[in-house]
Every structure is written in structure tokens, then in C-alpha cells.
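Below you'll find the structure, written out as C-alpha cells, and then a few comments.
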Amino acid sequence: MSNSNKFQLGLSTLEREIILENLPIQGEIPTWLNGSLFRNGPSKFEVGNQQYRHLFDGLSMIHKFTFKERQISYRNRFLRGETYRKNLEAGRICVDEFATSVNRSMWQNVSSLLHLNISDNANLNITEIAGHFLAITGSHNLLKFDPYTLETLGKFYYTDELPGLLTTGHPQRDFEKQETINMTTDISQSSTYNIYRLPFGETTRQLITSIPVAEPAYIQSFALTENYIILLEFPLLTNPINLITQKLKGKPFIENFTWKPKKQTRFLVVNRKKGELIGIYEAEACFAFNQVNAFENQDEIIIDICAYPSYAIDDYYLSNLRNPQGCTLSKPELRRYKIALSAQSVSSELLSKEFLEFPRINSKQCQTKDYQFVYGIGFAQEQPNDFFNQLLKIDIIRQKISRWYEEGCYPGEPIFVPEPNSEQEDEGIILSVVLDGNQGNSFLLILDSHSFVEIARTKIPHHIPFGLHGQYFPSTVLPHVG
């Protein structure tokens, strides 16, 4: 396998479920690290002789690394929801996914639509609501799991009637206001974006505002400041009527959205306290999966995102990623947008020459505030046309770049874990699950987040397919530590 194709191991199915205690550690982990890292992502890319078409389609598996008394344990388990059960019982793909449709008759498609047969393959992220640990995705289907055993516990339901089959997989926790902010998209004859707050410890969402929309956009994340919620509406849009009619013809969900580059990117700014849409601000067309952070500076709203010049979803079709000649990936720019509220204008600038994706910050200290450091994955100069192959720390104030790179290795999203009682923004560690294309397995990498130097790693005997997102929970939040 050529160096440029070593990453393709991360696109292959992992069936094995194991429990490993006391993993061998190379180096030393901090004495204060007590908790668990949960990673979510696709792990099975075919059922029977049928293949999923897109990276976002694969059946979810949750991976857990637990840290206790300077030891590390590991376990993994498939998310066993209705989609998983139906598929494995049938021996074929029988539930539609993000970019994969099931072959069925028109009447079966009508029945599927009427019964809202939306996949509960929640392979995007992890969150916690009122003591429930949840695997989440871009639909209303949330699955509970046991944070100790990883056993799937069934669907989670909010105790309200807020409409919307779609949501974002990036709910934002405001630690000062003790609430989570997110949104739903209700696609119907009169579609709306519904923004809500969820107080910590509760299961009833409180509607902040509903915004009518003629052509709903594909929205995976949004921005949050102390006083505002900003929806980033990129011109990847769907017509509700066309969505229904094309769905009846068996067209996959995401392929019912059309990229309209002649339209603008719209920033829909909502006052958090009053629940009012105070303005819609426009900039040149772009696309993003992930936003970094947002904050206010006098009359300006600052929003940092990982921006693509065009929609990048097609890059992650498995036919492209598995191309023997090498895949083509769009490069995300770390871009800052400034919304001048009184002038009703938007400007943008590059924050770094490095391409960056899967951004993370010190959320507890810096979310909704001005900040200095962002962590992510990018493309090393040694292999610029490879898959994401380096970890980055970008000091956006001093324009200083720190990186971790190892030939043939492919790191995942860097999770920042702050050192308890720390005052410095970058005082803590970085956790990243790395695919080792040379050895054919994966390892957990631990970096000192200040120096960005490796302090420890622990190997897993199998590969871990490329995950999407994950979260770290200290032992004080978990019902079990083991």
C-alpha cells in the first residue's frame, strides 16, 4: 500500500468488540486525569453484500478510554438501535442513511415517508442530558447508552412537542448560563428553524424563536455568543416539495439539497434574551461543517469557522476516499467573520495559512469569549495531498503554529482536557485517537497542550475507523469510573 493510501484502513469495517484493562502505556499520564473519553463514528460500512456510499452512513460504534489512577482501559461497542437490528436481521441495508437509499418500490417509499422511517444510526457525536448519555446525529433520533458498559438503552425523548425532524449534532453548552442551545429544522409546507434552550438537568426544551424559511439549508453547527445565537446558513438548500417528491423516488437525503453558489451565505442573528431575529447579514458563498467559537467585541460579532469555498460533502463519498489513485479533498480555511451590527455589514479574514478541521478549544474557559488557541487536524507539508495527517495548535493572536506529525499516521479530532484549577487557557492535555497506517492498528495519543509535545500513548490491538466527534467527561460526571 502506497503512503498516500495508508489512511484507507480507517475506512474499513471493525466488527470486533472487546474490553481491555490496564493498557500498556508508553510515557506517563497526568495524575489528575480521571474520567472517560467517548468517541463516536461509523464502524461498519456494509451489510451483507451491500455497501454504504458515504463516510457519514456507516453504522455507529462507541469507543471509550477510561483514565483512573494513571492507568487506561478501553472498550468498544456497536450502537444497537432499530437501524442496526433491522439491518443485521435482514442481512442487508434496509434503512435509508445520509447518502444511501434502500432499493424499494414507490409504494414502499410512500409508506416509509408516512411512517417517518428515519435512521437512528446516531454516529456523529456524544452528549449528556439530565444524566442520560446520548449518541446523537443530525436527526431527532437520540439513543441512550450506558456510559459504563456502552450498552444501548433505547431512544431518548424530550418532554416537549418542539417540531423538527432535523437538528445539529453540535449542541452548545453555556457553562455560565447553565443551559444548552441547539436548533431543529422543521421541513414542511411552512418550514422553520426552531432555536431552543435546554437548562442543565432538564429534558423540556424552551423555544427561543422560530424563523420561517422557504428553502431550508443543511446546517450542522451554529455560533453562540453571550447575547446572540447566529445560524450560519450556507447556500446548500432544499425545496421542501422537491425533498418529498425526490424522496418518494428513492433519492438519498443529502442529494435533495442543491448547492447554489450564486446565493450568499446568510448569518441569521437572534437575540438570546428577547428571542428576536435582529438581522440577516450576508457574505460570499462558502460552506462549513464546524464552527470554532464566537464572541462579541463592542458592536461586532466575531465568528470563526473552518470554511470551504464550496460544499465539501461530496469529498466524503467512499468511492472518492477509496480511490486507488488517491482521493481529492477540499481544504478548510480557518476563517474569521466580523458582523458589524450597526453598519449591517460582514467582513472576513484568514486567521492562519494552515488548513484546519475538527476544531476544539478550551470550551469551559473560552466559549462565547475572546480566545487565543484552537486545536484541530490538518495536512502536513511532508504529505500535503494525503488524508488529514497532522495535529495542530494555532495561536491566533501570535500567529504561532505547533504541530504533531508522524509519517503514515492519521489523527482524529483533538479533545482538549483542562487541568483542574488551571488559569492558563492552554493548560491541560490533548487526547486524539490516531490511526497507524504503518502498523495497521490505532493508538490513543496524549499531548501536553501547552508545549504540544507527546507525553504518552497507548496502543489498541485493532484499527479504529475514522470517528467523527467525541467528548471527555471527568469521573465526577460519570455514574461509573471503571
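The table below lists the values:
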{"read-out": "Residue, surrounded by the most Cβ atoms within 10 Å (Cβ to Cβ), within the range 267-311, restricted to residues that are of a type in the set (S, T, N, Q) and assigned to a loop (DSSP other than H, G, I, E, B)", "value": "310"}
{"read-out": "When residues of the range 293-338 are limited to those that are among the basic types (Lys, Arg) and more than 26 Å from residue 226 (Cα to Cα), the one nearest to the chain's Cα centre (by Cα)", "value": "331"}
{"read-out": "Any hit, the range 334-343, residues being under 24 Å from residue 430 (Cβ atoms) and either surrounded by fewer than 19 Cβ atoms within 10 Å (Cβ to Cβ) or of a type in the set (D, E, K, R) (or both)", "value": "yes"}
{"read-out": "Total residues in the range 131-151, condition small (Gly, Ala, Ser) and either under 20 Å from residue 200 (Cβ atoms) or open to solvent by 40 Å² or more (accessible area, probe 1.4 Å) (or both)", "value": "2"}
{"read-out": "Matching residues, the range 392-416, being touching a Ser or Thr at 6+ places or on another chain (Cβ under 8 Å), part of a strand (DSSP E or B) and in contact (Cβ under 8 Å) with a residue 60 or more places away in the chain", "value": "394, 415"}
{"read-out": "The range 1-44, residues that are touching a strand residue (DSSP E or B) at 6+ places or on another chain (Cβ under 6 Å) and of a type in the set (A, V, I, L, M)", "value": "14, 19, 20, 23, 25, 29, 33, 37"}
{"read-out": "Residue pairs meeting the criteria (Cβ under 6 Å; at least 6 apart or on separate chains; first among the hydrophobic types (A, V, I, L, M, F, W, C), in the range 318-342; second part of a loop (DSSP other than H, G, I, E, B))", "value": "321/327; 334/356; 341/299"}
{"read-out": "Contacts under 9 angstrom Cβ, first residue in the range 361-384 being over 24 Å from residue 424 (Cβ atoms) and touching a residue at least 40 places away in the same chain (Cβ under 8 Å), partner in a loop (DSSP other than H, G, I, E, B) and open to solvent by 10 Å² or more (accessible area, probe 1.4 Å), 6 or more apart", "value": "379/329; 379/331; 379/385; 379/387; 383/407"}
{"read-out": "Test set (1) closer than 27 Å to residue 127 by Cβ; (2) in contact with a strand residue (DSSP E or B) (Cβ under 6 Å, 6 or more places away or on another chain); (3) open to solvent by 20 Å² or more (accessible area, probe 1.4 Å) - residue 264 fails condition number", "value": "(1)"}
{"read-out": "Unmet requirement for residue 23, which otherwise passes all of (1) in contact (Cβ under 8 Å) with a residue 60 or more places away in the chain; (2) under 27 Å from residue 315 (Cβ atoms)", "value": "(2)"}
{"read-out": "Segments classed as strands (runs of 3 or more DSSP E), wholly inside the range 5-111, with at least 2 members that are closer than 22 Å to residue 121 by Cα and open to solvent by 10 Å² or more (accessible area, probe 1.4 Å)", "value": "35-44, 71-78"}
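Conditions (1) free of Cβ contacts under 8 Å to residues at least 60 places away in the same chain; (2) buried (at least 20 other Cβ atoms within 10 Å of the Cβ), marked per residue:
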site	(1), (2)
123	no, yes
153	yes, no
161	yes, no
169	no, yes
182	yes, yes
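The values are calculated or read from the model by the stated rules, or taken from the named source; none is laboratory data. Quick caveat, the model's predicted, so the values are computed rather than measured. Neighbour counts are summed over all protein chains in view; Cβ atoms, including those assigned to glycine, are modelled from backbone coordinates with ideal geometry. All accessible areas refer to the heavy atoms of the entire protein, side chains included, with ligands and DNA or RNA removed. Shrake-Rupley method; radii C 1.70, N 1.55, O 1.52, S 1.80 Å.
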